[in-house]
1. Residue under question is VAL98, and the condition is that it be in contact (Cβ under 8 Å) with a residue 24 or more places away in the chain, touching a Lys or Arg at 6+ places or on another chain (Cβ under 9 Å) and within 16 Å of the ligand (Cβ to nearest atom); does it hold?
2. Can you name the residue in region 173-184 that is farther than 11 Å from LYS137 by Cα and assigned to a loop (DSSP other than H, G, I, E, B) and is also modelled with the highest pLDDT among such residues?
3. Being more than 15 Å from ASP518 (Cα to Cα) and of a type in the set (Val, Ile, Thr) is the filter here, so list the residues in region 383-397 that pass it.
4. Here's a check for you: in region 36-59, which residue that is of a type in the set (A, V, I, L, M, F, W, C) and near the ligand (Cβ under 9 Å from one of its atoms) is surrounded by the most Cβ atoms within 10 Å (Cβ to Cβ)?
5. Might you let me know whether region 62-80 holds any residue that is buried (at least 17 other Cβ atoms within 10 Å of the Cβ) and within 16 Å of the ligand (Cβ to nearest atom)?
6. Does ALA446 satisfy the criteria of being at pLDDT 90 or above, surrounded by 10 or more Cβ atoms within 10 Å (Cβ to Cβ) and under 37 Å from the mean Cα position of the chain (by Cα)?
7. Looking only at region 124-151, which residues are among the charged types (D, E, K, R) and part of a helix (DSSP H, G or I)?
8. Taking PHE360 as the residue in question, decide whether it is farther than 20 Å from VAL495 by Cα and buried (at least 16 other Cβ atoms within 10 Å of the Cβ).
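The values are calculated or read from the model by the stated rules, or taken from the named source; none is laboratory data. Everything quoted here is computed from the prediction, not taken from an experiment. Heads up, the Cβs are rebuilt from the backbone with ideal geometry, glycines too, and the neighbour counts pull from every protein chain shown.
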Amino acid sequence: MPEIILTNITKRWGNFYAVDNLNLTIADNSFVTLLGPSGCGKTTTLRMIAGLESPTSGKITIDGETVFDSEAGINVPPNKRKVGFLFQNYALWPNMTVYDNIAFGLKNIKEEMPSVNFAVKKLDDLMEVLKKAPALKTIFEESLNKEGEVDAKKATLKIIDKFKVSSYTAKSILGFKLYHVESFEENVEKKLAELSAHKDAEIQKISQKGITLNEKYEEIKDGKVILKKRRLHKEEVDLRVYDVAKIVKIGMFMDRYPNELSGGQQQRVAIARTLAPEPKVLFMDEPLSNLDAKLRLEMRSELQRLHVDTNSTFIYVTHDQLEAMTLATKICLLDNGILQQYEEPLTVYEKPNNIFVADFVGNPAINFVDAVGKEVDGKFQIKIWDKYDVTFTPNEKVNYDKWLKEAEAKALAEKHEYAIEKINKDMPFNYVVSKVESTELVSEDATKHKADFILGIRPEFIEINKDGQFEGEIYSSMPTGMETTVKIKVGKYLVTGVVFGNINYHIDEKVRFNINTDSINIFSASNQRLVTTGSLK
Ligand SMILES: Nc1ncnc2c1ncn2[C@@H]1O[C@H](COP(=O)(O)OP(=O)(O)OP(=O)(O)O)[C@@H](O)[C@H]1O
């Protein structure tokens, strides 16, 4: 199964760099989300891997095969990259039933495959079902309608499901009209004998041509499986259609047209259609954005299950950080065409590379607190909120001067010459320190900050406690049922906390609080990068 490697991928339109020197290895079987604000280059990245967009420079390999190389002049078209797509506008064909929508792509596949004897396979499938007569009888009994007759549609689905046969085989079984209860077993025996004779005749026919069959019904001549360039047989298409329909639970809707389905059901059909040709890599560009919140949540968990069930590699574009956090095995966070962090969701959350990442993931957003001071013997002696002198103790001892020099050297090494002068210059991310007087939280130019450091404190670490170290007043309190989001005013600053449970604080109520964690981030104000994590006392 495929690993995808992007090496120095750049996409530029004129002197605008949509994706800037991206290096990324997407492991086989992973679920990678491309995350970032609007216009950061997520879709462009996805389209380049899929082959829908050509990079300006760089190299892409999928499963060891180079599919794009600007220097070697290689550019494999999308239909040869064995990838599937699921886009935001998943337009189903309105004039086709659900079944035909899913089957459509499969019917178009034409490649060299083993020649399979479907006549014998079908006879064997039929006999396999009939040999399990009691189970079949139960299905008939369960499918009786009010008039006491077998509901053909219901029974067909149950037969497909129970015996893993195609709808053609299931319909043939129904066509045998075996279900007169008093003579059921007798009918089955008679039919079995008939089918067995039929099979013998078929085998006889092919053996005259020197052909035998293996256990997959592939035709063998002179000791070799016969290979033919052919389309998929309707039996193969059918089995696959029902297989994927089962995964997304739409087996009951096969005969309906898209306009007879709800939005969520349509979306599931679109997913089934994408999955049907068994793509090694599945690309999804905001596929859930058309759904309501509840369905979105439901489909998210379906997608997660699909990922495990199908063993494919999923690459998923979203600007919804929660979606990215919950689904991904790894998040690729981009800003302004530049990779900010590529790590597991929890690492991105707990150890954000820089303040942009810290701000982008997490809801409510992380609190940024300006801190003035210096590092003394591995600890940071700082003043926060203009009044508290505190000590930030890193989890691992840090020499800040050394760290700064190394960070500078690294930045210098990463800096590269541009082929064409770049218009989208890398602006420092403007972080917001929440303050009371600004009704609108305006961002301040980071370069003007007097702070030496910026602390990043997640709202869940604010612990309201009468013996707390810090003092403030409740600015706002918003209970949501499961948790309460509070804003606490500390001097002119605002701190957001999330408290578990349904607690309603009074506005202007005086409270004390602690920051009880060793997961506080300390960023350097000069380069906005994460120095380390630690605790505050
Ligand atoms: N054909 C084009 N010509 C010029 N610029 C383009 C072209 N296509 C995309 N861009 C620009 O490249 C940047 C990246 O676009 P892209 O679609 O990858 O962003 P995105 O991260 O997917 O955004 P969104 O979340 O809004 O869909 C954007 O600034 C966009 O305007």
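1. Against the criterion (in contact (Cβ under 8 Å) with a residue 24 or more places away in the chain, touching a Lys or Arg at 6+ places or on another chain (Cβ under 9 Å) and within 16 Å of the ligand (Cβ to nearest atom)), VAL98 does not qualify.
2. The residue in question is PHE176.
3. Hit for region 383-397 is ILE384, nothing else.
4. CYS40
5. no
6. no
7. Matches in region 124-151: ASP124, ASP125, GLU128, LYS131, LYS137, GLU141, GLU142.
8. It is false that PHE360 is farther than 20 Å from VAL495 by Cα and buried (at least 16 other Cβ atoms within 10 Å of the Cβ).
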